[in-house]
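Peer 1: For reference, the structure I am asking about is given below.
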There are 2 protein chains.
Amino acid sequence: MESQDLRSAGLKVTGPRLKMLELLENTHGRHLTAEAIYRQLIEAGEEIGLATVYRVLTQFEAAGLVTRHHFEGGQAVFELERGPHHDHIVCIRCGRVEEFYDEAIEKRQRAIAEKLGFKLHDHTLTLYGECSRPGCQRQNSES
Amino acid sequence: MESQDLRSAGLKVTGPRLKMLELLENTHGRHLTAEAIYRQLIEAGEEIGLATVYRVLTQFEAAGLVTRHHFEGGQAVFELERGPHHDHIVCIRCGRVEEFYDEAIEKRQRAIAEKLGFKLHDHTLTLYGECSRPGCQRQNSES
DNA sequence: CTTTGAATTGAGAATGCTTGTCATTCCGTA
DNA sequence: TACGGAATGACAAGCATTCTCAATTCAAAG
């Protein structure tokens, strides 16, 4: 149950937090903006404020429950942290996001950081391209 | 002379554009925010508006003269496009930016995009860590 | 070296995303 | 079940960036 996830993250169990976790879990593989989460909850009849969505996402991020990505375009997208690290490839036409993991790249990154005298904390790698899905068109807003 | 760079980029030669190009060229290896460029020009006695700085940077970017990076932290940073492609490693304490290039990583990226059915256009790779410079402290604003 | 139209500029307003404020409400312990 | 602190929602505020528009500047032509 999600309440347990919240508790073990040191967060009080509240309605908004549960609803948001639920939504994130039922949106497998998706990368949602705060706005999109807000809209979906409102449309589902929930009573929630956009400020709360942002606040809770920030808390989730601090607790390691979600990851925040800054793909190109103003809005940040949030992704439920599930399983191991991965990077992303984003379609510049339809916005679709795929995930990938490449050990060779990871290894080179560690080597580069060490060579340059950095203690590596984190990294972001995002590829941008055009995907080959049949329905790939300039679709943007996800309701 | 910089005027030639502007002309060949299809841009009219104007005072603000020349000053900005000059500043970018004399700030070798640096990654500047729009705000920083604005401040430095003002301090140098130039008469320029922040809106112009943003506008011109966008034009420079479109012309391929500069690259815009979205490192963490709200502001974008701009870098004069000089020489071949490279990625970045940023110190999370002092903000210092180093550049690197790794053919193995580039090659893997192309392979990954192809495998996932994407026509690769671009990518961003940024490593974050702590550098080992003696003077590395929470220094931020660069005047 | 002037004229002249279009491009560029500066100032401030406006926008879009995100965070802060604060009174009200909710959670969970006693 | 009552209580205190944390969480919430509505709205204001903040920040980076873009837009608007009248005034200025550029450069091509006369």
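The values are calculated or read from the model by the stated rules, or taken from the named source; none is laboratory data. Since we're looking at a predicted model, the values are computed, not measured. Because the Cβ atoms are built from the backbone with ideal geometry, glycine has one as well, and the counts that use them run over all protein chains shown. Surface areas here come from the heavy atoms of the whole protein model, side chains and all, with no ligands, DNA or RNA. Shrake-Rupley method; radii C 1.70, N 1.55, O 1.52, S 1.80 Å.
Peer 1: Rounded to the nearest 500 deg cm²/dmol, what is the calculated helix-only ellipticity per residue at 222 nm for the protein assembly as shown, with -39500 (n - 2.57) per DSSP H run of length n ≥ 4?
Peer 2: Calculated mean residue ellipticity at 222 nm is -11500 deg cm²/dmol.
Peer 1: What spacing in nm lies between the two simple spin-label points modelled at A:T27 and B:T58, each 7 Å away from Cα in the Cβ direction?
Peer 2: Reported label-point gap for A:T27 and B:T58 is 2.8 nm.
Peer 1: Further question on the same structure: Using a 1.4 angstrom probe and counting only protein chains, how large is the accessible area of A:R82 in Å², to 10?
Peer 2: 90 Å²
Peer 1: Provide the net charge surrounding A:V56, with neighbours chosen by a C-beta distance below 10 Å and charges set as Lys +1, Arg +1, Asp -1, Glu -1.
Peer 2: Local net charge: +2.
Peer 1: Ranked by accessible surface with a 1.4 Å probe, highest first, in what order do A:S3, B:S132 come?
Peer 2: These residues rank, largest area first, as B:S132, A:S3.
Peer 1: Normalise the Debye intensity by I(0) for segment A:84-143, one equal point scatterer per Cα, no solvent, then take log10 at q = 0.13 Å⁻¹ and round to two decimals.
Peer 2: The Debye formula, applied to the Cα set alone, gives -0.48.
Peer 1: Let me spell out the model: positive unit charges on the Cβ of Lys and Arg, negative unit charges on the Cβ of Asp and Glu, origin at the Cα centre of chain A. What dipole size does that give, in debye rounded to 20?
Peer 2: Roughly 240 debye, rounded to the nearest 20.
Peer 1: In addition: How big a patch of accessible area, both sides summed and in Å² to the nearest 100, lies buried between B and A at a 1.4 Å probe? Present the calculation step by step, with values, prior to reporting the outcome.
Peer 2: Values: alone 9360 and 9360 Å², together 16030 Å².
Rounded to the nearest hundred, the buried surface is 2700 Å².
Peer 1: How large are Rg and Dmax for segment A:64-118 when calculated on the C-alpha trace, in angstrom?
Peer 2: 13.8, 39
Peer 1: Follow-up. Which of the lysines could be linked to B:K115 by a straight reach, that is with a Cα gap under 22 Å, when you skip same-chain ones fewer than 8 residues away?
Peer 2: Reachable lysines: A:K107, B:K107.
Peer 1: Separate question: Over every pair of different alpha-carbon atoms in segment A:1-82, take the mean of 1/r and invert it; report that Kirkwood radius in Å.
Peer 2: Kirkwood hydrodynamic radius for segment A:1-82: 12.7 Å.
Peer 1: To continue, here is another question. Under a 10 Å cutoff between Cα atoms, tell me which one of A:G129, A:G117, A:G83 has the largest fluctuation in the Gaussian network model of chain A.
Peer 2: Result: A:G117 has the largest fluctuation of those listed.
Peer 1: Under a 10 Å cutoff between Cα atoms, tell me which one of A:H70, A:H121, A:H85 has the largest fluctuation in the Gaussian network model of chain A.
Peer 2: A:H121
Peer 1: Shifting gears a bit: In nm, give the distance between the simple-model label positions of B:K107 and A:V13, each being 7 Å from the Cα along the Cα-to-Cβ direction.
Peer 2: Those two pseudo-labels are separated by 5.3 nm.
Peer 1: Shifting gears a bit: What do you get for Rg/Rh over segment A:37-85 if you use C-alpha atoms and the Kirkwood form of Rh?
Peer 2: With Rg and the Kirkwood Rh in hand, the quotient comes to 1.01.
Peer 1: Can I ask one more? Using a 1.4 Å probe on the protein heavy atoms only, what accessible surface does B:Y54 show? Give it in Å² to the nearest 10.
Peer 2: Number for this one is 110 Å².
Peer 1: Sticking with this one: Would you please classify the overall shape of segment B:1-40 from the alpha carbon gyration tensor, given that a ≥ b ≥ c denote the square roots of the eigenvalues, rounded means a/c under 1.5, and beyond that prolate means a/b larger than b/c while oblate covers the rest?
Peer 2: Details: a/c = 2.45, a/b = 1.73, b/c = 1.42.
It is prolate, given that a/c is not under 1.5 and a/b is the larger ratio.
Peer 1: I've got another one for you. Taking every eigenvalue of the Cα gyration tensor of chain A, multiplying by 5 and rooting it, what semi-axes result, largest first, whole Å? Show your work: numbers first, answer last.
Peer 2: Details: eigenvalues 160, 99, 30 Å².
Largest first, chain A gives 28, 22, 12 Å.
Peer 1: If you take the Cα atoms of the protein assembly as shown, find Rg, then find the Kirkwood Rh from the mean of 1/r over all pairs, what is Rg/Rh? Can you show the working numbers first?
Peer 2: Values: Rg = 21.4 Å, Rh = 21.4 Å.
Rg divided by Rh gives 1.00.
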